[in-house]
1. Can you pull out the residues in the stretch 17-34 that are open to solvent by less than 50 Å² (accessible area, probe 1.4 Å) and among the small types (Gly, Ala, Ser)?
2. Do we find that residue 22 is within 30 Å of residue 97 (Cβ to Cβ) and without any contact (Cβ under 8 Å) to a residue 12 or more places away in the chain in this structure?
3. How many of the residues in the stretch 5-21 are more than 15 Å from residue 67 (Cα to Cα) and modelled with pLDDT of 90 or more?
4. How many of the residues making up the stretch 37-70 are more than 16 Å from residue 85 (Cα to Cα) and assigned to a loop (DSSP other than H, G, I, E, B)?
5. Taking the stretch 88-114 as the search range and keeping residues that are aromatic (Phe, Trp, Tyr) and without any contact (Cβ under 8 Å) to a residue 12 or more places away in the chain, which one is nearest to residue 19 (Cα to Cα)?
6. What number of residues within the stretch 78-87 are over 13 Å from residue 16 (Cβ atoms), part of a helix (DSSP H, G or I) and touching a residue at least 12 places away in the same chain (Cβ under 8 Å)?
7. Considering only residues that are surrounded by fewer than 17 Cβ atoms within 10 Å (Cβ to Cβ) and at pLDDT 95 or above, look in the stretch 76-91 and name the one that is nearest to residue 29 (Cα to Cα).
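The values are calculated or read from the model by the stated rules, or taken from the named source; none is laboratory data. Everything quoted here is computed from the prediction, not taken from an experiment. All Cβ positions, glycine included, derive from the backbone under ideal geometry; neighbour counts span all protein chains shown. Areas reflect the complete protein model, heavy atoms only, side chains present, ligands, DNA and RNA absent. Shrake-Rupley method; radii C 1.70, N 1.55, O 1.52, S 1.80 Å.
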Amino acid sequence: MNVVEGSAVDRGQLDAVFAAMADPSRRMILETLARGEATVGTVARPLPMALPSVSRHVKVLVNAGLVERRVEGREHWLRLSPLGFRAATDWLAHYQQFWSESLDQLERLVIALEAPGRDKA
């Protein structure tokens, strides 16, 4: 477990989230679900693969905590799980602060170097 900005980040969960999002087909599934709940058949439609392959991708997303599945009769409904994105969001927020501070320091340095009266070599 790693601590980022006062919150505990489970490295296994973080690895699972980033591994799940690394695949373009899984990102396409997430994009589809960002528009709302959908069946597995609906998310499979635009993908260039058979339904069993889509089901394996969905399983990876469910195991990573990014997608929730519910069964209604014969249909499997999917929706995004906002809490699943929390580990990645917290981890990225920590580095966003780092880069913002670093870029602010760089901007101050450039302004100081370009200040009037400063010798230019």
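1. Of everything in the stretch 17-34, those that are open to solvent by less than 50 Å² (accessible area, probe 1.4 Å) and among the small types (Gly, Ala, Ser) turn out to be 20, 25.
2. Details: within 30 Å of residue 97 (Cβ to Cβ): yes; without any contact (Cβ under 8 Å) to a residue 12 or more places away in the chain: yes.
The answer is yes for residue 22.
3. At the first step, the residues of the stretch 5-21 found to be more than 15 Å from residue 67 (Cα to Cα) are 5-12, 15.
Now restrict to residues that are modelled with pLDDT of 90 or more: 15.
So the answer is 1.
4. So the count comes out to 7.
5. Kept after step one, since they are aromatic (Phe, Trp, Tyr), are these residues of the stretch 88-114: 91, 95, 98-99.
After this cut, where a residue has to be without any contact (Cβ under 8 Å) to a residue 12 or more places away in the chain as well, the list is 95, 98-99.
Numbers: 95: 19, 98: 23, 99: 23 Å.
Among those that are aromatic (Phe, Trp, Tyr) and without any contact (Cβ under 8 Å) to a residue 12 or more places away in the chain, it is 95.
6. We begin by selecting, within the stretch 78-87, every residue over 13 Å from residue 16 (Cβ atoms); these are 78-80, 82-83.
Now drop any that are not part of a helix (DSSP H, G or I), which leaves 82-83.
Narrowing further to those that are touching a residue at least 12 places away in the same chain (Cβ under 8 Å): 83.
Number of matching residues: 1.
7. 79
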